[in-house]
Amino acid sequence: MSGQIDFYVDEADVELVQERLNADPEIAFIVPEGPGHWRAVWRLEDARGKTLLWHVPAGPLPLLSSGGAPDTVIENPFAGWRELRRGFHDSIPYFGPSEPRTLLLELIPPGWRGLPLDWMPVSGVSWFGRGSSRRPHPSTRQWWQRFRSWLRRHARLVEREGFEFADVWALPAAQRAIQSGVRPGVGPLVF
C-alpha cells in the first residue's frame, strides 16, 4: 500500500488539508530549525511547499551517520536534531531512500512563490511504504488508507489528458477555480 496521491489545491484547500493534518494525533511535521537542523512539531501554521510528515506510531526516526559509523535513532525529534548526512533537497530532512515512517506532502496553490495565478500545479502526498526494503508499520498502512479515503470524500476526480495514470483529485476550492478558468497542471512541480 504505497504510492502517490495527486490532487489540486487552491488557498482554501491548503487550509483544509492543513487542518486535517494538524488535528491528526498520529502525524507530526518535520520543520527546519536552520541549515541541517530539524524538529518535529504537532501543528503547522503554513504547509505550503514540501513538508515531510512523520507517522509517529510507526516508531523512531533514524539518524543516518556519515563516515561509516553506525546509524542510530533520533532520541527526541520534538527537541530537534542535527542531520549528519544530507539529502538532495534542503527543504526536507534525509532519512535514507524510501523511509516507511515518513510521507512527503506537497501543497502548491496557484500564485505560490510567484507562480502564475491562472495555473494550478499538481500537489500531492507520497509514501514509499512497501517500496522500501524495510516493512512499514501496519498502522502506517492504515493511516495511508484513512487519509486517501478522507481525500476522496472531499475531492472529485479530474482527468488529465494524455496520461495513463489520470487519477488527480481536485479539492473544493480547486474545483471552483478550474471551473472558472484556472488551467490545471499535468504533473508535479519540481522545485
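Derivation of every value follows stated rules applied to the coordinates shown; laboratory data play no part. Because the structure is a prediction, the values reported are computed rather than measured. Please note: Cβ atoms are built from the backbone with ideal geometry, for glycine as well, and neighbour counts cover all protein chains shown.
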Crossing angle, helix 11-22 versus the chain [Cα axis fit, 0-90 degrees, rounded to tens]: 30 degrees
Alpha-carbon radius of gyration plus Dmax, which is the widest Cα pair, for the chain in Å: 16.9, 56
Extension gain (nm, one decimal) between GLN142 and ARG176, 0.36 nm per residue minus Cα-Cα: 9.2 nm
Given 14 as the ceiling on other Cβ atoms within 10 Å, longest exposed-site-free region of the chain for GluC sites (Glu not before Pro) in DSSP loops: 76-158
Helical contribution to [θ] at 222 nm, DSSP H n ≥ 4, -39,500 (n - 2.57), averaged over the chain, rounded to 500: -6000 deg cm²/dmol
At 1.306 mPa s and 10 °C, Stokes diffusion of segment 60-131 via Kirkwood alpha-carbon radius, µm² per second: 109 µm²/s
For a label point 7 Å along the Cα-to-beta-carbon line of ALA69, residues of segment 24-59 with backbone N under 18 Å: 36-38
